[in-house]
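Structure first, commentary second.
The values are calculated or read from the model by the stated rules, or taken from the named source; none is laboratory data. Note that the coordinates shown come from a computational prediction; the quantities given were computed from them, not determined experimentally. In this analysis, Cβ positions are derived from the backbone assuming ideal geometry, glycine residues included, and neighbour counts consider all displayed protein chains. Accessible surface areas use protein heavy atoms only, side chains included; no ligands, DNA or RNA. Shrake-Rupley method; radii C 1.70, N 1.55, O 1.52, S 1.80 Å.
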Amino acid sequence: GGSGLGLPFAARGARLMGGEVSLVPADDGGAKAVLELPVVSLDEAVALRAAAGEAVGAESQPSRRVVIVGGVTAGSKVAAKIMRLDPAAHITMVERGRAATSAGCGLPYYISGVVRDSRDLISTALGEERDSSLFHDVRNLHTLDFTEAVAVDREARTVRARRVLDGEEQVLPYDTLVLATGASPAVPDLPGVDLGRIFTLQGADQAEGIRRELAASAARDVVIVGGGLLGCEIR
């Protein structure tokens, strides 16, 4: 699917890095794009980074310390943008849930059954769960999952974070602080809002409840209060 416009961009990027993109037959009878890039030794990589003016070695200091409170969509996108603009930055993302990022826009498709497994919403295209180890190992981003920020000291420029599972706390210094905690559903103060079969949709847990209720009751009439991306998609 798609317009195919991304392929010329990828091919040009590959050529700039000394590689190439080629199309080969796929097992299903279609075609697949293969990216080939040259591999350099560790010594060559260090030399290339030094020539580009990057700090290398264990003694190098980060250009700045960034703490992001909240992951999922906003927090993870901020982290990705900072890493592109400032690769030497030290970024720590604090997320109260299990996964640092998830596909919130996929919740309606999980409810409908197009996405069959909720784990697909927090996994990469290769099936790797977006947990703290993935981000630290692959993207040089330090994530603290199952951790919540409990206090911010603006004068000292620190965030006190607490692990949800055991209550252990640590202090995170920062030069830049990003608050990406999201929002709570706005439930109107109307008669009947506390009755059964009324749901809010904020994450995978709520989507699971809606999907289970639809399967059990075979509901035919559904009212959606609120529009936006999720409200329009879920209808």
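Some notes on this structure:
- Counted residues, segment 157-199 - those being open to solvent by 60 Å² or more (accessible area, probe 1.4 Å) and β-branched (Val, Ile, Thr): 5
- Residue in segment 108-156 that is modelled with the lowest pLDDT, counting only those that are in contact with a strand residue (DSSP E or B) (Cβ under 8 Å, 6 or more places away or on another chain), in a helix (DSSP H, G or I) and surrounded by fewer than 17 Cβ atoms within 10 Å (Cβ to Cβ): 136
- The residue pairs whose first member lies in segment 60-72 and is small (Gly, Ala, Ser), whose second member is open to solvent by 50 Å² or more (accessible area, probe 1.4 Å) and in a strand (DSSP E or B), and whose beta carbons are closer than 8 Å, counting only pairs six or more residues apart or on different chains, are 70/179.
- A single entry from 63, 22 fulfils the requirement of being within 28 Å of the chain's Cα centre (by Cα), of a type in the set (S, T, N, Q), modelled with pLDDT of 80 or more and open to solvent by less than 100 Å² (accessible area, probe 1.4 Å): 63.
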